[in-house]
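Inspection log for the structure reproduced underneath, given as structure tokens.
The values are calculated or read from the model by the stated rules, or taken from the named source; none is laboratory data. Keep in mind that this is a model prediction, so the values were computed, not measured. All Cβ positions, glycine included, derive from the backbone under ideal geometry; neighbour counts span all protein chains shown. With ligands, DNA and RNA removed, areas are computed over all heavy atoms of the protein, side chains included. Shrake-Rupley method; radii C 1.70, N 1.55, O 1.52, S 1.80 Å.
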Amino acid sequence: MKEAKVIDYDAFRDQIGTVDEEGKRRWVFPKKPKGQHHRLRVIVTVILLSIFFAGPFIKIGGYPLLLLNILERKFIILGVPFWPQDFHLLALGLITLFLFIILFTVIFGRIWCGWACPQTLFMEMVFRKIEYAIEGDAPAQRKLARAPWNGEKIFKKGLKWTIFFLISFLIAHTVMSYLISWEELIKIVQEGPDKHWGKFTFVIVFSGLFFFVFTYLREQACIVICPYGRLQGALLDKNSIVVHYDHVRGEPRGPLKKGQDRTSGDCIACKLCVQVCPTGIDIKDGTQMECVNCTACMDVCDSVMEKVGFEKGLIRYASYNQVESGQKFSFTPRIIAYIGVLFALVLVMGFSLSNRNPVEGTILRTKGTLYQIKDEHTITNLFNIQIINKTHNSYDLELRLLEPEGGSIEMVGQGLHLNDQDMATGSFFIQMPRQELTKMKQKVQIGIYAEDVMLEKVKSTFVGPPVVGK
């Protein structure tokens, strides 16, 4: 009697789906996806990529939506300029964003990867679509990959790679536009690479990098390089909503045979969910690091269930507890704690932004100088000032001594004029009556004014001679 074949459903845990037993890469040729969720993902992709490519041209109040000029250390976010002096706001914003990602992952799993990650959007919705159009569906792609380098293969591969590089070139230019602005980019293109070798090299290197990622690296960027897939292992729990196979309803698996009563579960073991997966995994094995929640398996399974007359949703968005016991989603203490901390960070971030001074000044006594005796009643110190404009306004500035009273400020040279998003420097003397000096080093406070409106307070130290009798 022939022994029944024993299927090891845990074998997937011993290896990555894209690596064979000899350690060589197993290329993934996913079947072309289609269905309700895929159509929604196409709509989301069109919206997000439109924002990405249009972003450098969008202005808010005449200023870029987003500019990350690292070389000149100028940053504009939603039309608001930021300087390196605002690093604490950047750090707070990144902490808030990171906590939001954690909270989002705890609740909704890796939905970001399937619906909004640039790697997935470009790979599955742009480059893979072009590949389907030129080389055909998965069987045709496998056949072409095995074929010798004849005229057909050279033409199809050459056409595909040419289009891939042109798109990569476009992506690199768009990224450059976010760094230096599209106006500056056009100027550089018109002047030629011989005058801008650094920026030209940047575009070429990043074009090659994007081409390499979407031509060769592909799904390995998500499986091997991206740390988010490994991070989710520490964040997900049995209440997290992920792309989940309903093992209660689907098991035991078995083929559907005509004319026989169904004794197995709803899964008919067609393996189409594996064939359509862009990372080469079997979702029926449970939540895995390689799963990017792209919903391709959900769509293909729903189409099979519809054809055989079973209820849709064998593979669906659900948590383990929902599948195992029908338990509905609830806010756990862990989720509530994350929400509380996130809410507190958002409040602190909002308060910091709303109380952000329009200008920021730094005042230091001039190096190599102590104090000067102007006359028997007056002591002076020479100071240097640097003021940064964090707004799009221009200011004519005035310095006033706030503390201690009785002193005065005398500018060296012309007054301080500050253009939008600019920096101004200058020098000035603080004159202090001797009777106001209570110690050799005394704290002073200077106000920076524009049209009688105080924009900033800056503290420094005034040095005087020894105070006799004090």
By the mean-Cβ-within-10 Å protection proxy, highest first, 143-156, 375-388 rank as 375-388, 143-156
Reduced to Cα centres, the span from the stretch 234-258 to the stretch 104-146 in Å works out to 23
The size of the Cβ-based charge dipole (Lys, Arg +1; Asp, Glu -1) of the chain about the Cα centre, to the nearest 20 debye, is 1480
Quick calc: nm separation of the 7 Å Cα→Cβ label points for F104 and T369 -> 5.2
Given a 1.4 Å probe, the accessible area of the chain per residue, as a whole number of Å², is 57
Rounded to the nearest 10 degrees, the helix 151-180 long axis (Cα) sits at an angle to the longest Cα principal axis of the chain of 20
The simple spin-label model distance between S325 and R142, using points 7 Å out along Cα→Cβ, in nm, is 4.2
If the chain between L89 and F165 were fully extended at 0.36 nm per residue, the gain over the current Cα-Cα distance would be 23.6 nm
Computed curve, the stretch 188-231, Cα-only Debye sum without solvent term, log₁₀ I(q)/I(0) at 0.16, 0.19, 0.20, 0.24 Å⁻¹, is -0.57, -0.66, -0.68, -0.79
The stretch 81-184, convex hull of Cα, quarter of hull surface, nm² -> 10.5
For the chain, the charge dipole (Cβ of Lys, Arg +1; Cβ of Asp, Glu -1; about the Cα centre) points to a positive end, and the Cα of A91, M440, A140 closest to that extreme belongs to A140
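What percentage of the solvent-accessible surface of the chain, computed with a 1.4 Å probe over protein heavy atoms, is contributed by carbon and sulfur atoms? List each step's numbers first, then the result.
Numbers: 16560 of 26600 Å².
Carbon with sulfur: 62 percent of the solvent-accessible area.
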Note: probe point = Cα of T332 + 7 Å toward Cβ; backbone nitrogen < 17 Å; residues of the stretch 278-319 passing the test are 287-288, 318-319
Links exceeding 24 Å between C-alpha atoms in this model, out of K367/K441; K238/K312; K31/K284, come to none
Working note, the stretch 173-250: Cα radius of gyration (Å, one decimal) and Dmax (Å, whole number) are 20.8, 66
Given 4 °C, 1.567 mPa s and a Kirkwood radius over Cα pairs, the Stokes-Einstein diffusion coefficient of the chain in µm²/s is 46
In nanometres, the difference between 0.36 nm per residue of separation and the alpha-carbon distance of T425 and E21 is 138.8 nm
Heavy-atom accessible area of L90, protein chains in place, probe 1.4 angstrom, given in Å² to nearest 10, is 90
For the stretch 337-421, the Cα gyration tensor yields equivalent-ellipsoid semi-axes (√(5λ), largest first, whole Å) of 38, 18, 12
Here the gain from full extension of Y216 to E403, 0.36 nm per residue of separation minus their alpha-carbon distance, amounts to 60.8 nm
For the stretch 380-470, the Cα-Cα pair-distance distribution in 10 Å bins from 0, as whole percents, is 15, 47, 25, 10, 2, 0
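Taking the Kirkwood radius as the inverse of the mean 1/r across Cα pairs, report the Rg/Rh of the stretch 152-305. Can you show the working numbers first?
Numbers: Rg = 23.0 Å, Rh = 19.6 Å.
With Rg and the Kirkwood Rh in hand, the quotient comes to 1.17.
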Along the stretch 40-54, Karplus-curve 3J(HN,Hα) (6.51, -1.76, 1.60; θ = phi - 60°) to the nearest Hz, with x for Gly and Pro, reads 5, 5, 4, 4, 4, 4, 4, 5, 5, 5, 5, 5, 4, 6, 8
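Just add up the charged neighbours of G406: K/R +1, D/E -1, any other residue whose Cβ is under 12 Å from the Cβ of G406.
-2
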Sorted list, accessible surface of protein heavy atoms, 1.4 Å probe, largest first, for D422, D299 is D422, D299
At R0 = 41 Å the Cβ-Cβ FRET efficiency linking V44 and Q445, nearest 0.05, sits at 0.20
